[in-house]
Structures are given as C-alpha cells and as structure tokens.
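One structure below.
The values are calculated or read from the model by the stated rules, or taken from the named source; none is laboratory data. All values reported here derive from a predicted model rather than from experimental measurement. Neighbour counts are summed over all protein chains in view; Cβ atoms, including those assigned to glycine, are modelled from backbone coordinates with ideal geometry. With ligands, DNA and RNA removed, areas are computed over all heavy atoms of the protein, side chains included. Shrake-Rupley method; radii C 1.70, N 1.55, O 1.52, S 1.80 Å.
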Amino acid sequence: MYVAVKGGEAAIANAHRLLADRRRGDRTLPSITIQQVVEQLGLAVDRVMAEASLYDRELAALAVRQARGDMIEAIFILRAYRTTLPRFGYSEPVDTATMKVERRVSATYKDLPGGQLLGPTFDYTHRLLDPSLIEDGAVEQPAVKEPGEHVMRVSDILDGEGLIEGDGRMPEGHVMGDLTREPMEFPMARDLRLQALARGDEGFLLALAYSTQRGYGRTHPFVGEVRIGEVEVELDLPELGFAVSLGVVRVTECQMVNQFMGSAKQPPQFTRGYGLVFGQSERKAMSMSLVDRALRTDEFSEDIVAPAQDQEFVISHADNVQATGFVEHLKLPHYVDFQAELDLVRRMRRDYDAARAGSQDGMKEAAE
C-alpha cells in the first residue's frame, strides 16, 4: 500500500532529538522528577494506570513524562510495556466490602452507616484559577481520618429489603473471560464488557453516559455510592491450599441505582450499573456504571434504541489506543492510494466537462 521512503533515517533521528529537546524544555528550570509526577499529578497517573491496565504508579508517571503530558500517548506507552510482562496467574476477586475507605459519598441516603466521607475532591471547590499556586506556598495541614473502617455498602441496604437486584453473580459454569487474551466476539458477556469499559477511554465513556441521561437510552440513575480506598489483592496458591496477599491497590468503585418496572419473571426493583477502576477516577467509574447499565438490554428485555445500548458499537470504539492508531495512521504515506484517487477524479472531471459541453452544444442547436 505504501511507497517505501528511503533516506529518511537522519530526519527521523533528528525528530527524536527535537522531541527530547521539547520534552526537557528550558534548561534553566529544574527537570521534573518521576516522584513529583506521582505525588503532584496523581489523577493523571491514575488515569494512565487504569486505561493501560497496569497498576504501577512510577511507570505510569514515567509514561506521562515521556509523553510530555499527552495522556493517550502515555496510556499507549504503558500498555505496550504491559505486553512484555509475564502472566503468572489470576488473583481472587477483590472484596470491595472490606475496602479501607478514604472517600465515600451517596446521593441516595443522607445518613449512612459509617457516614459520608468527603475526602479529597473538587466537588466543593470554585472553578476559579488560584494565583497562589503559581508559587510554592505553604499548604494548610488537613484533618485526616485514618482509613481502615469497613463501612456498609448502600446496595446492601436496598438488598436487605429486596428492593434491588442481587449482587453480580455469573451463571454457574461460566468461565471468566480475559479480554487481553481472547479476540472480541459479540454478543459479549458482562464480565468481558466490564473489562473493556474499565480500560476504555474516559472521554468516550463520559459522552455515552451523558447521552443516556439526555434520553438516548433508558436510565434514570441515582448514585447509590461512590467509594475510593484500598483493597487487598490475593492470589490462590494450590500448593499451599489458601490465598496469599500480594498487596493493596487503590480503586474507585461506583454503584449506580436505576429503575426497573419489573416483568413477568421479576418484581419491580432497582437495577445496578457498576464501575471499578484503578486509582481515584470518579468520573470514569460513574461513566462506566451508567454505560454498563445501558448495555444490559438483553437481561431486561429492553429495546436497543440508542448508541450507548449497542454493545458492539460501544466496545468496538471505547479503546483509545486502538482509536488513536486508526486515526493517526492517516499521517503515514498514502501516496499510491491518493494518486489512484486523483487519477479517478481527473477522469471523472473530463467526462463531466465533455458531457456538459455536449449538452450546451445541443441546447444551442435547439435554439437555432
């Protein structure tokens, strides 16, 4: 398809040097360190980890720095690195009920067992530029509650009254899929859909979630709960006969509560949309939970009337690494293709001009 470009190695090498020069910036300023990115640009690091499907804060920070802050490029870099790592097993399902919660809010109940924990959030800040941040000024020490208390989930309150569908359980005999090792096939089971959404592009999922709220899909959602905290990751070792802890990861979990009018087989009850992502990423977890619920049309015998309900459309276009590759490949040489198109348009133009000239001659003869 492409014409080989020869003699461009020197230009490419210099393009790399130019990129490194722009990345470094003004040499009179100190170079930004990986630890500074980890500590001060934590939300960017969290997004890169989530959408690259690799929990490593320092490597994510390195990718952010290498990409000069281009989030999708950083995600691409880290996901490419992920493919070089060995896979030695699958962890046990994390139990978010035992999460060491540092932030937890609900829009459905004012008074919760364990209380509302605002934590670090932009929710109550004024969206105004803060000139004081130009300088490295002193930061007031906050009151901090040590995480560790296990608090009841809002969904468990509703479940206790039988007012919400049960917690997600896969059908007996279902083998959990792995999106990173199996080609996509539609229709796709919910476990695979959730995997795809967890590493899907935040902006794309946000737009789809927004569309469901504006009437393009059947959702009337309430945020049952958004919680952020650390959960333990365990790996079952058959030779030991029990699971051992590999460490903890910080995650954001969202349970979205949606209405369901019931059917001949199910009573009226609330249904769930679910989102779980690495790090602190509430917007992504909320968007994921809204889209998850929209995609469950088959389970509730709902018609597919909107893009967010079409799983092939959503899953096929949610991955920003794949989308970036397909869009940016247009920068590669398409000389042969374009010359063929150019020749075709020229021939069509000649045929058009000839036909128009013949038509005008015919009109003149008719007028005479």
_Nearest-ten-degree value, helix 71-82 long axis tilted from longest Cα axis of the chain_ = 70 degrees
*In degrees from 0 to 90, rounded to the nearest 10, what is the angle of the helix 9-24 Cα long axis to the longest principal axis of the chain?*
40 degrees
*What 222 nm value per residue comes from the helices of the chain, counting each DSSP H run with n ≥ 4 as -39,500 (n - 2.57) and dividing by all residues, nearest 500 deg cm²/dmol?*
-12500 deg cm²/dmol
*If one computes the Cα centroid of segment 96-155 and of segment 78-95, what distance in Å separates the two points?*
30 Å
_Loop-located chymotrypsin sites (Phe, Trp or Tyr not before Pro) in segment 1-77, at most 11 other Cβ atoms within 10 Å (DSSP)_ = Y2
*Between segment 1-71 and segment 289-368, the alpha-carbon center distance in angstrom*: 33 Å
_Under a crude label model (7 Å from the Cα following the beta-carbon direction), how far is D95 from E341 in nanometres?_
5.8 nm
*How much accessible surface area, in Å² rounded to 10, belongs to the heavy atoms of I72 with a 1.4 Å probe?*
50 Å²
*Taking only Cα atoms, what is the 0 to 90° angle, nearest 10, from helix 202-213's long axis to the longest principal axis of the chain?*
80 degrees
_Just to be sure I understand: of the beta bridges DSSP finds with both ends in the chain, what percent are antiparallel, rounded to 5?_
95 percent
_Run the simple label-point estimate for E135 and A367 please: 7 Å along Cα→C-beta, distance reported in nm._
8.1 nm
*asked:* How much accessible area per residue does the chain have, counting only protein heavy atoms and a probe of 1.4 Å, in square angstrom?
replied: 64 Å²
_Which order do the peptides 211-220, 247-256, 321-330 come out in when sorted by mean C-beta neighbours inside 10 angstrom, highest first?_
247-256, 211-220, 321-330
*The list (1) 53, 27, 17; (2) 39, 32, 18; (3) 45, 32, 23 gives values of semi-axes √(5λ) of the Cα gyration tensor in Å, and only one came from this structure; which label was calculated from it?*
(3)
*With a 1.4 Å probe and every protein chain left in place, tell me how much accessible area E182 has, in Å² to the nearest 10.*
90 Å²
*Any chance you could check the Cα centroid distance between segment 208-258 and segment 171-202 for me, in angstrom?*
15 Å
